[in-house]
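To start, the structure under review is shown below, and the notes come after it.
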Amino acid sequence: MPSRQLNDLLRINSFQVLIGDREIGFAEVGRLTSETDVSSLPDRPVHRFATIVLRRALTSSTELYDWRRLIVGGKDDRRDVTVRQLSAPGGKVVNSWRLTRAWPCRWSGPAFDALKNDVACEEIELAFEDLVWVGAETKKG
């Protein structure tokens, strides 16, 4: 592949995640997936969006856990979540996806192991109603 084409490829290591209008740092964003159940009747296909897992280093902030607790407590607290792919760290937005009316269906805290020296992480798994590929929207700020 010519070097010009290699330079045009988009990377996966520079991204932002917004929950509502608040940017929250994550180390990893799971794959965005829209799928159709091939075992459903041909004249009545079942389309769905797979849940997505967001992973970050655990801090003293409980905001993700608190959001999950609202859902467990019966509150319908759905929020739009935006994943922005950047051209480079701090670079321009080259792609953007909006998870419409997302809510945490699972929160997981760290596993502990006295034989390892890893960073403690938390995960939040989101279910959502729609996945919209917004494209290269303008980054605020």
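The values are calculated or read from the model by the stated rules, or taken from the named source; none is laboratory data. Since this is a predicted model, take the numbers as computed values, not measurements. We place every Cβ from the backbone using ideal geometry, glycine too, and count neighbours over all the protein chains shown. The area values use the complete protein model at the heavy-atom level, side chains included, leaving out ligands, DNA and RNA. Shrake-Rupley method; radii C 1.70, N 1.55, O 1.52, S 1.80 Å.
Some notes on this structure:
- Failed criterion for Glu35 (all others in (1) closer than 20 Å to Trp133 by Cα; (2) under 11 Å from the mean Cα position of the chain (by Cα); (3) part of a strand (DSSP E or B) hold): (2)
- Subset of region 10-69 (residues that are free of Cβ contacts under 8 Å to residues at least 12 places away in the same chain, open to solvent by 50 Å² or more (accessible area, probe 1.4 Å) and acidic (Asp, Glu)): Asp21, Glu23, Asp43, Asp66
- Among the residues of region 103-119, just one is touching a residue at least 40 places away in the same chain (Cβ under 8 Å), surrounded by 15 or more Cβ atoms within 10 Å (Cβ to Cβ) and more than 17 Å from Ala27 (Cα to Cα), namely Pro104.
- Test: Ser39 is small (Gly, Ala, Ser) and under 21 Å from Leu18 (Cβ atoms): no
- Looking across region 70-102, the residues that are in contact (Cβ under 8 Å) with a residue 60 or more places away in the chain and among the hydroxyl-bearing types (Ser, Thr, Tyr) come down to Thr82, Ser87.
- Counting only residues that are of a type outside the set (Gly, Ala, Ser) and in contact with a Leu (Cβ under 8 Å, 6 or more places away or on another chain), region 78-118 holds 19 of them.
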